[in-house]
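Bear in mind that the values in this text are calculations on the coordinates, not laboratory data. Just so we're clear, the structure is a prediction, and the values are computed from it rather than from any experiment. As a convention, Cβ positions derive from the backbone with ideal geometry for all residues, glycine included, and neighbour counts pool all protein chains shown.
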Amino acid sequence: MKKIFLLITTLLISAALSAQTRGYAVNEIRIKDGNDNEIIEAYEKVQEDVKLTNGNVALQRIWKGSDNGMTHRMIWAWDLGTEWFTGLDDNKAEAFWAKMGNYIEEWGESYSGRILSWKGGSDNADDHKIRHVWDLKVKNPKQFKIGHDELVKRFKKQFDGRMVSFGTYDFNGPNGATHWVMVSGKSNEDHMMLYDELQKQDDFYTLLSERGEVESLRDVEYEILKLY
């Protein structure tokens, strides 16, 4: 648990420079069987008095694509260089981490980075319940970002209502990944319907290639359990 506090504290202190860029920190965990509700209740309790001003906190279940036995991940995201929450009760925080220790079987990898491109989606949380994330090794990040933004712009109709984002792994990228791409959707089938439509467009693969040389290391399906 100490490594999580150290990671977040280091990032908040060194996060510097642009309030326009959002940073994030992730910790993967393996929850003991049958403890999902207990984890959520612990989150609810610690968040009672917390006001998030420039950030959010999330708990996600890991579905397809996990390669290390982890079942969930905890995420903190905030605008770099800002004080992004107020009202955290120290006693509740201590109680939260103590409870987490009872519910978690194993602490997995921690990693962090920045969100470089973001297309917002609808206001309906159910439209974004399932997140599909590709972990990538990108040769030319500048070229990739330009190509990514152009692809999202070109297929504005197909991505309508969905969140689409691109970001970095600045610390401890999984399996050596340097970047990632995320698309949100309602369900697994909803994602497959999107890909089916995109892949029928003549210029889809052309725009993919214009992102430059990239190696896909893994893709993972996440479900949003709680988002603050």
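General remarks:
- Of the residues making up segment 100-122, those that are part of a strand (DSSP E or B) and under 16 Å from the mean Cα position of the chain (by Cα) number 12.
- Of all residues in segment 123-137, those satisfying the criterion of being in contact (Cβ under 8 Å) with a residue 40 or more places away in the chain, outside any helix (DSSP H, G or I) and either acidic (Asp, Glu) or over 21 Å from His148 (Cβ atoms) (or both) are Lys129, Asp135.
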